[in-house]
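To start, the structure itself, in structure tokens.
We did not get these values from a lab; they are worked out from the coordinates using the rules stated. The shown structure was predicted, so the numbers you read here are calculated from the model rather than taken from an experiment. So basically every Cβ, Gly included, is an ideal-geometry build from the backbone, and we count neighbours across all protein chains shown.
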Amino acid sequence: METIKSWDSFNEEKGNKWIQDAIKHPGALRKSMKKDKDEKISSSEIESELSKLRKKDKDPKKPGTQLGKKDATKKRRLELAKTLRSLKEHEEQKNYMFFSNLQTIKRLVDELLEMDESEMDAMLDEHDWASEHVSTAKDDVEEVFNFFKSHDNPEDDKEHDDDFMDYDNEDASTWPGANYGDEDEE
């Protein structure tokens, strides 16, 4: 019987080889875009091609982009190229995932806003979980926005940190709300 490997051991074996494994046909995207072997594909070209493929959507009523096999393959290759480019660009950026997640949120919101509102509204009658998720996401994004907007000055961070009390060495009965629900003793 084969034993299940831990994620760490799998990760160590692969190292950075996952990129090579992800690219089944090196140069295929460049060839489909009629580029020479040594010519680079720019970010704007990737975005332009992705935009063209989104317009080819066979059924805009369905979520996601409905494409034929050839276009779907090209879209996957373009998205991988975009991901690899962003990894390379953000290699030195400590919090690149934060910015990458923001870009993904923006892209998905833009795509949602391009969908037919009346059809989405009808679907939401049966799937109110989607509305709840959007409300929660809005609250979370708004909280992050307000945090950054209110911290224009590094000194503000220190003041903000001082707003929180350190309860490590205190008796829990002194914490705010610790006696919540207790009846008043007279």
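Some observations on this one:
- Net charge of neighbours whose Cβ lies under 9 Å from the Cβ of residue 68, counting Lys and Arg as +1 and Asp and Glu as -1: +3
- Added length on full extension, which subtracts the Cα-Cα distance from 0.36 nm per residue, residue 94 to residue 150: 18.0 nm
- With the alpha-carbon atoms of segment 33-99 aligned to their principal axes, the span from lowest to highest coordinate is 40, 33, 17 Å, starting with the largest.
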